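Participant: Okay, here's the structure, questions in a sec.
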Amino acid sequence: MKSLTISQSKVQSFDLAGFCSTQPHYLQTRTRINRLIDRYISPEILTEHLQDLPTQFTTPHQRPWQPIKWDAISKDQIIGIDPELFLSVLASSVEVESPIREYSTESWHYFKAAHPQMAYFMGGIRDENDKIIEISEWEKEERQHAPVFSKIYEKLTGIKLQPKPNSVKDNQFTENPIYEVYNHVLSRIGTEWSAVSIYLWLMVHSTGELQQAIAQPCKDEINHLAKFWGFASWAFQDSYMTRIRHISKQMLALFNHHRQERTQSNEIIGNYSLLPAIELAFTFTRILVRLHSWNRQLNIGKLDSLFA
Ligand SMILES: [Fe+2]
Ligand SMILES: [Fe+2]
């Protein structure tokens, strides 16, 4: 009887990531990461998201969200992590998510000649001066993310964020435009992959309505990741290793760019223990492993039937 009381007081509950202890140790956190990956990034789910892409070209539609119960979000739903670190990751997510209009314009430029349907999905319809006439589905989904993270931040702290949006580099087309498009898709895959990894990690360290709220943008990013990944496999037929090498190079360059831009915020993160960094690295890697096994199912016949 006594031991039952003790174990019950330690256990908080079960949530989207499975067993949720109030003081999880590293192995429990890893189990939660794996649980979320199995739940949201199964090969079947990825395939479903990819199969949805050609239908987006003809009948665009947004992925529906579950409503968020804002009043049920509270700071005690942050689990097994210094709340300050959790909040600083939330705040940087708001920054990375904007300026979405510039991102969609950039993608539209890259795709308009190479693949007009993809230009439509990512950049919408534009007039002769590139001004937007119809907003793309990708932008409609993405533009919800920064406000949601910002509102979560405000719910948890009572403070309104003043984000400094990311800088978007100008398009520089060289003599090899297809290679430029390839680079661009890989950079989009890289940002979707890192968004999925970071939001999934935030879900691992949250429970209740806070976790449910973060699940909404996280599921959008998984959807985008699957679509861009599968599309790139059809369009470029590169190997998994070539792709990962390229993306890693791009992400390293981006990381250095941001480090120079925001030395101050990195100093804050640098003050925390190594464990969150290890957990994040584990999350990034596990998602890559999952993509690798899904990638093997993407034979050219199947992809041709979707996009050719
Ligand atoms: Fe996003
Ligand atoms: Fe996304």
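We did not get these values from a lab; they are worked out from the coordinates using the rules stated. Here the structure is a predicted model, which means the values were calculated and not measured. A quick note on method: Cβ atoms are made from the backbone with ideal geometry, for glycine too, and the neighbour counts reach across all protein chains shown.
Participant: Within 15 Å, Cβ to Cβ, of Ile125, how many net charges do the neighbouring residues add up to if Lys/Arg are +1 and Asp/Glu are -1? Don't skip to the answer; put the middle values down first.
Facilitator: Numbers: positive: Arg101, Lys112, Arg126, Lys131, Lys140; negative: Asp127, Glu128, Asp130, Glu134, Glu137, Glu139.
So the environment of Ile125 carries a net charge of -1.
Participant: Something else about it: Among the aspartates and glutamates, which have Cα under 16 Å from the Cα of Lys131 when same-chain residues fewer than 8 positions away are ignored?
Facilitator: The qualifying aspartates and glutamates are Glu102, Glu106, Glu139.
Participant: Something else: Beyond 24 Å between alpha-carbons counts as too far, so tell me which of Lys112/Lys151; Lys151/Lys249; Lys69/Lys160; Lys227/Lys249 fall in that bin.
Facilitator: Lys112/Lys151; Lys151/Lys249
Participant: For the chain, what is the calculated [θ] at 222 nm in deg cm²/dmol (nearest 500), taking -39500 (n - 2.57) for each run of four or more DSSP H residues and dividing by its residue count?
Facilitator: -22500 deg cm²/dmol
Participant: For a protection proxy built on the mean count of beta-carbon atoms within 10 angstrom, sort 36-49, 58-71 highest first, please.
Facilitator: In decreasing order of mean packing, 36-49, 58-71 become 36-49, 58-71.
Participant: Can you give me the orientation-averaged projected area of the convex hull built on the Cα atoms of the chain, in nm²?
Facilitator: It is 17.7 nm².
Participant: So, one more: Using a 10 Å cut-off on Cβ atoms, rank the peptides 219-230, 295-306, 81-92 from the highest mean neighbour count down.
Facilitator: 219-230, 81-92, 295-306
Participant: Of Val196, Val96, how do they rank once you tally other Cβ atoms within 10 Å and put the fewest first?
Facilitator: Fewest-to-most ranking of Val196, Val96: Val96, Val196.
Participant: Roughly what would the spin-label model give for Glu134 and Leu306, points 7 Å off Cα along C-beta, in nm?
Facilitator: For Glu134 paired with Leu306, the spin-label model returns 2.2 nm.
Participant: Suppose every Lys and Arg Cβ carries +1 and every Asp and Glu Cβ carries -1, with no other charges. What dipole size does the range 25-307 come out with about its Cα centre, to the nearest 20 debye?
Facilitator: I would put it at about 640 debye.
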